[in-house]
Amino acid sequence: MHISQAFATRSPEGSEGPDSGRAPRRRPARGRAAAALTATVALALLLTGCGGGGSGDSAPKTVAKTADADRVEPLASPPAPKLPVTVDSADGTEVTIGSTDRIVPLTGSLSEIVFTLGLGEQVVARDITATFEQAEKLPVVTRAHDVSAESVLSLKPTVVLADTTTGPAEAIDQIRDAGIPLLVVEPAKELADVGRRIDTVAEALGVPSAGTELKERTESRIAAVSKSIPDHKGGKKPRVAFLYLRGSASVYLLGGAESGAGSLLEAAGAVDAGKESGLDKDFTAITSEALAKAAPDAILLMTKGYESVGGMDGLVKIPGIAETPAGMDRRIVTVDDGVLLNYGPRTDRVLAEIVEQLYAKGGTGQ
């Protein structure tokens, strides 16, 4: 998501965050600090199931793009794993992996990496945040975003991949106690983490060369998108506020320096309005005063969050939004919950969507 795993039915960690779409949430990393995600939103997602809502009739000036959002693009040649390998897990343990015949990734972003490396045929289950087409028919082994150890073990995995936001800890312990190799990976929170995360997963699965190829492909595509950013009108960068919304639970949050979106906004040639206004944490409740200080020219939203408040007509009813430059101009950027904060092999598409919508003809920044 990232919220980055922090969001699934596509929300912050899948959107439900940042893994893809799961809401921001915190989990102890057992020896390592967990990703900085907001527990308030996680609770709201559990209560609402990331529920959506009706869309308003008034369309924003910039329309969301979702092309290709539900598919990953595997490498051309499936790699042959060279095993066993022993790797360090982010929770302080050492893990030896002897087989990739039955892989269970426990976040949407990890599933995305495994499938894109070309090992999708060996994946036997998915987390609810893995919403892309190639994974959608796999059995789900999470309940309200928590891992069901019984469901995982029933599929007889040969390796399980998790990250520091995965939980509950009891489920992780139960899987390990059953003798299953389980690797915990540090989540990605910015563009600089993309290559590291791909390398980590590829090494653990015995396909480091494929990891290098995928990393280089991803980074070159991100660089190509960056070159497409138009010159800013008057040299002034557009100010963009990232809002996390779940209207059915009355959750309205403004992203700050640790929201996970700042790196994308900066790569898109924009200013993270929340961070720039002095919000140094992940999220804060939306107030008229906070929005006035942020003064965004555009608002970045996850698709389901936008739908949950009733589209544009509902969005501008949230106190303070209508008075911002973005609200007055009805200018938004929306990206699917399941990919926005993944920081993985599809991040170039996410960045391209943000750039395309933000700099639409006659729009912000031009």
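The values are calculated or read from the model by the stated rules, or taken from the named source; none is laboratory data. For clarity, every value in this text was computed on a predicted model and none was experimentally measured. A quick note on method: Cβ atoms are made from the backbone with ideal geometry, for glycine too, and the neighbour counts reach across all protein chains shown. In case anyone asks, the SASA skips ligands and DNA or RNA and just uses the protein heavy atoms, side chains included. Shrake-Rupley method; radii C 1.70, N 1.55, O 1.52, S 1.80 Å.
Starting from residues that are open to solvent by 20 Å² or more (accessible area, probe 1.4 Å) and among the small types (Gly, Ala, Ser), keep the ones in the stretch 113-151 and report whichever is nearest to VAL207 (Cα to Cα).
SER151
For the condition over 28 Å from ARG346 (Cα atoms), surrounded by 24 or more Cβ atoms within 10 Å (Cβ to Cβ) and in contact with a helix residue (DSSP H, G or I) (Cβ under 9 Å, 6 or more places away or on another chain), what is the one hit in LEU291, LEU315, LEU265, LEU300?
Numbers: LEU315 fails: over 28 Å from ARG346 (Cα atoms); LEU265 fails: over 28 Å from ARG346 (Cα atoms); LEU300 fails: over 28 Å from ARG346 (Cα atoms).
It is LEU291.
Out of the stretch 154-173, which residues are open to solvent by 10 Å² or more (accessible area, probe 1.4 Å) and farther than 19 Å from THR96 by Cβ?
Within the stretch 154-173, SER154, LEU155, THR166, PRO168, ALA169, GLU170 meet the criteria.
Within the stretch 206-248, restricting attention to residues that are among the hydroxyl-bearing types (Ser, Thr, Tyr) and part of a helix (DSSP H, G or I), which residue is surrounded by the most Cβ atoms within 10 Å (Cβ to Cβ)?
Start the filter on the stretch 206-248 by keeping residues that are among the hydroxyl-bearing types (Ser, Thr, Tyr), which leaves 209, 212, 218, 220, 226, 228, 244, 248.
Next cut, part of a helix (DSSP H, G or I) only: 209, 212, 218, 220, 226, 248.
Details: SER209: 11, THR212: 14, THR218: 22, SER220: 10, SER226: 16, SER248: 16.
It comes out as THR218.
Hand me the list of helices (runs of 4 or more DSSP H) wholly inside the stretch 89-204 holding 3 or more residues that are more than 19 Å from the chain's Cα centre (by Cα).
Those helices (runs of 4 or more DSSP H) span 149-154, 169-177, 194-204.
Does ILE321 satisfy being at pLDDT 95 or above, β-branched (Val, Ile, Thr) and under 16 Å from GLU266 (Cβ atoms)? Show your work before the answer.
Details: at pLDDT 95 or above: yes; β-branched (Val, Ile, Thr): yes; under 16 Å from GLU266 (Cβ atoms): no.
For ILE321, the condition - at pLDDT 95 or above, β-branched (Val, Ile, Thr) and under 16 Å from GLU266 (Cβ atoms) - is not met.
So that you can scan it fast, the table gives a plain yes or no per residue for (1) touching a Phe, Trp or Tyr at 6+ places or on another chain (Cβ under 9 Å); (2) of a type outside the set (Ser, Thr, Tyr); (3) over 17 Å from LYS189 (Cβ atoms):
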position	(1), (2), (3)
SER248	no, no, yes
GLY256	yes, yes, no
ALA261	yes, yes, no
VAL271	no, yes, yes
LYS281	no, yes, no
TYR306	no, no, yes
ASP313	no, yes, yes
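Taking GLU190 and the conditions (1) open to solvent by 40 Å² or more (accessible area, probe 1.4 Å); (2) modelled with pLDDT of 95 or more; (3) in contact with a Gly (Cβ under 9 Å, 6 or more places away or on another chain), which numbered condition does it fall short on, given that it satisfies the others?
Condition (2) is where GLU190 drops out.
Considering every residue within the stretch 253-260, establish whether at least one is assigned to a loop (DSSP other than H, G, I, E, B) and more than 30 Å from SER220 (Cα to Cα).
no
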